[in-house]
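Taking it in order: structure first as structure tokens, then the write-up.
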Amino acid sequence: MSPPSLIDIHPNLSDAAPVALSYELFPPRSPKAAETLWTTIRELESTEPDYVSVTYGASGSNRDTAVELINRLLLETTLRPLAHLTCVGNTPQELAGIIGELLDTGVRGILALRGDLPKDGGEPAAGSLRYAQDLIELIRRVEQRRSALLCAGKIAVGVAAYPTRHPESPSEEHDVEVLLAKQRSGADFAITQVFFRTEEYADLLTRARRAGVTIPIIPGVMPLTSLRRLKRLGELAGVEPAPELMERLAAADSDIDRLHIGVDATVDLANAALDAGAPGIHLYTFNEHQSALEVLDKLALPRRSRTAGRRDAVARPQLAS
Ligand code: FAD
């Protein structure tokens, strides 16, 4: 038997790793939405997240606003952006151009996604990449070509993972095989689709680890405060929200009650995910900070201390349902 390595027995290295915190934002669709988004960004910035992810429309439908938002985040805030990128409908040449553009602005993290297929059921454009796995390989190629430029930070590549079966997938086992393939192609971490039951996330972790997936699988947690949004997301992602929660939200007397019910349910879900071994929490903010901050306060994640006076810095807007 070999003696324990110096690294293994070092007391500071056997401590639990810090819990990661991140938020998802989407590029604004109007000047008014941009204004609200920037209030949200400033509020979220003061909680010192590890990164904020910026979504990208399938086929690059919002490419310019996404790149503009990422640029501003890099230039005007202390936040580190994780740029989502989808490959469906785009050729490798087009995508290599976008990856280069993102790297030139200073982006060092990309969430490599396929994107949703065209709604009309038509085939994606000929010559376009087929799977997220292809995009990961393309990103790694671009990275290799620019390796001398990336000495102060290589690219972290993230991917999507699914606690409940992806709508097009034959089984949850297939989803895990795909996740393993994405890891082999160079993915560094995964963020999950929304889920409403902790067992779904815990089962994914167990199945993925058993299959050989070793990368962090970060639970994507949505504040469960808006009935309308829960219904819509359930339809879009094929994930069924818990009926008991839907009933409680529907029966709430006021927006404040609904917020409390939703925040408590979200905190329970996130805590249970952390107990199951989650390395962090990724909050889907829907560009609103109020519920995200309420969730964060109640979660009391073991993180470094935050800037004092955050909550007083910007007046909170009125509750919306
Ligand atoms: P893939 O991993 O390519 O999987 C797509 C389908 O193909 C699955 O059914 C999978 O089982 C199958 N498959 C994959 N590889 C193989 C293979 N080698 N052989 C056989 N079958 C295979 N969408 C956006 O448009 N913009 C966004 O910004 C965005 N952000 C997201 C963020 C997160 C955290 C998540 C979870 C999803 C996000 N999505 C976004 C949605 C995502 O684009 C869809 O879920 C899409 O349908 C699948 O994307 P994927 O990257 O998982 O694709």
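Taken together, the values in this text are just the output of simple stated rules run on the coordinates, not laboratory data. This one's a predicted model, so the numbers in the text were calculated from it and none came from an experiment. Counting neighbours? That spans all protein chains shown, and the Cβs are built from the backbone with ideal geometry, glycine included.
Quick notes
- CD proxy at 222 nm, helix term only [per DSSP H run n ≥ 4: -39500 (n - 2.57); per residue of the chain; nearest 500]: -14000 deg cm²/dmol
- Estimated distance in nm for a label pair at residue 228 and residue 101, the labels positioned 7 Å out from Cα along Cα-to-Cβ: 3.2 nm
- Using θ = phi - 60° and Karplus 6.51 cos²θ - 1.76 cosθ + 1.60, couplings along region 215-221 (whole Hz; Gly, Pro as x): 5, x, 10, 8, x, x, 10
- Pairs of lysine residues in the chain - Cα separation under 26 Å, sequence separation of 8 or more or cross-chain: 5
- Cα centroids of region 239-286 and region 41-91: 25 Å apart.
- Between residue 91 and residue 35, the simple spin-label model (points 7 angstrom out along Cα→Cβ) gives 4.3 nm.
- For residue 280, the residues whose amide H sits under 5 Å from its own are 20, ignoring neighbours fewer than 5 places away on the same chain, with H placed 1.01 Å from N.
- Relative contact order of the chain, defined on C-alpha pairs under 8 angstrom at six or more residues apart (%): 19 percent
- Label-to-label distance, nm, for residues given as residue 251 and residue 276 (7 Å Cα→Cβ offset): 2.6 nm
- Max mean-square fluctuation residue, GNM over the chain, Cα-Cα springs under 10 Å, options 190, 278, 152: 152
- The Kirkwood hydrodynamic radius of the chain, based on inverse pair distances between different Cα atoms, is 20.8 Å.
- In this structure the amide hydrogen of residue 109, modeled in the peptide plane, comes within under 5 Å of the amide hydrogens of 83, 156, none closer than 5 places in sequence on its chain.
- In order along region 282-289, the Karplus-derived 3J(HN,Hα) couplings, from 6.51 cos²θ - 1.76 cosθ + 1.60 at θ = phi - 60°, round to 10, 9, 7, 8, 6, 6, 10, 9 Hz, and Gly and Pro are given as x.
- Ranked by how many other Cβ atoms sit within 10 Å of their own Cβ, fewest first, the residues 87, 151 fall in the order 151, 87.
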